[in-house]
Each structure stands twice: as structure tokens, then as C-alpha cells.
Amino acid sequence: MKTADPLISSIGVKMVNGTKKKPKARKSKDKSASSFILHPSSLPLVLVLMGSKSDWDVMCNADQTLSNFGVPHECRVISAHRSPGLAAEAAQGAEERGIKIIIAAAGGAAHLAGVIAAHTVLPVLGVPMKSDALNGLDSLLSTVQMPAGIPVGTLAIGKAGATNAALFAIAILALARPELGEKLKAFRHDQEKKIMETVLD
């Protein structure tokens, strides 16, 4: 039986329970989501997905924000194009595993959030990644322009979007978890305090 320590696989799974851990690459055969044994205390509430490992430099901000609030979550690398079966499996099995919200980040065609949303009724928050070709505008448009009937909440491009996606997820969770609501209020108060204490040289 696995312990509650963060779990990392060849497909980039990272389990956290309010503790920041950086993933380490490991070479082995791909495993499906069903191959993981999760300790009950580590069952995630938020699933953070990204289209490629290169997105981690940005999505680590969502990971850190969720960790700061003590929200158990799981980070994974899943491509809507290169591993469509795995994307569908992750989305379809999320609710059964106790996931409440999914954050999906991708660049370019950026279909990850839309594909995930098509396979689940859980709230899906999309984070467009900056791209070399169009500086992230392509990612933004392909994420935000979902057809009526399959909603995706779209955040800003890059770091701000990753951070706000986590805060948005926490706000949703706080509707049923008052302790998270109190943490959010404290967070907002701290932000206001920093502004009030700002001194111009």
C-alpha cells in the first residue's frame, strides 16, 4: 500500500495534501489513472492537468496556491491530442474518486479543457498557456470559445491564470467548506494590508 507521500509516475502524476513537493522525472512505462493506489488522507479535491511537462513552469503556481490553502490535489500531464484515451479516462473517473473541480492548462490548440469538460459534469477551469506562435492568443481563444452546452471557465494566460484558477477552485470549494472561506478572507485581508502599507520612495 502506498503512503500519503506525493506520488509521481511516468505520466507526471503528483499527489499533494497541502505540502509542496517538486516532481522528479522517472522513466518507465505509462500507467493509467486506475493503476494508482491512493491513501485515504491523500484523496484529492482538485485535479490539475496540463498538456505537457513544459507547462509545469506556469502551473506550479496553481499547485503552490492550492498547497498554501491546504487543499489536497493531484497534478498530472495528460495531452488531449497525444493521449486522448487517458484524458477521457481521467475526466470520467474524476467524480468517482472524489474530485470536485478540474483545472486544465494547454497551449496552442488548447483543447484539453474542452475535451475534459466533454467527459464530466464537474466544473472545469481552463488556463491558456503562452505560445511561441501567437504569444498565447491562440490558446486563449481556443479555450474561451467553447460551444454552448459544454462550459469551460477560462482564466488569464499564464501565471496569473494559473494562480487565479486555484483561487477560483478554492472559492467554489469554500461554498461547502467554511474553513476555506475563512482562509480566503484572510488572504484578501493580507493583500489589502500590503497595499495599505506600501510606501513610495
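The values are calculated or read from the model by the stated rules, or taken from the named source; none is laboratory data. As the structure is a prediction and not an experimental result, all values here were calculated from the model. Methodologically, a virtual Cβ is constructed for each residue, glycine included, from the backbone with ideal geometry; neighbour enumeration extends over all protein chains shown. For accessibility, only protein heavy atoms count, side chains too; no ligands or nucleic acids. Shrake-Rupley method; radii C 1.70, N 1.55, O 1.52, S 1.80 Å.
Details
- Members of the stretch 52-66 that are buried (at least 16 other Cβ atoms within 10 Å of the Cβ) and modelled with pLDDT of 95 or more: Asp55, Trp56, Val58, Met59, Cys60, Asn61, Ala62, Asp63, Thr65, Leu66
- Residue match in the stretch 68-77 (condition: in a loop (DSSP other than H, G, I, E, B), open to solvent by 10 Å² or more (accessible area, probe 1.4 Å), among the small types (Gly, Ala, Ser) and under 17 Å from Gln145 (Cα atoms)): no
- Verdict on Ile103 being farther than 19 Å from Leu180 by Cβ and in contact with a strand residue (DSSP E or B) (Cβ under 7 Å, 6 or more places away or on another chain): no
- Only listed residue being within 22 Å of His73 (Cα to Cα), under 14 Å from the mean Cα position of the chain (by Cα) and hydrophobic (A, V, I, L, M, F, W, C), chosen from Ala186, Ala105, Ala176: Ala105
- Screening the stretch 105-201 for helices (runs of 4 or more DSSP H) wholly inside it with 1 or more residues that are hydrophobic (A, V, I, L, M, F, W, C) and open to solvent by 70 Å² or more (accessible area, probe 1.4 Å) returns the ranges 137-144, 159-174, 178-196.
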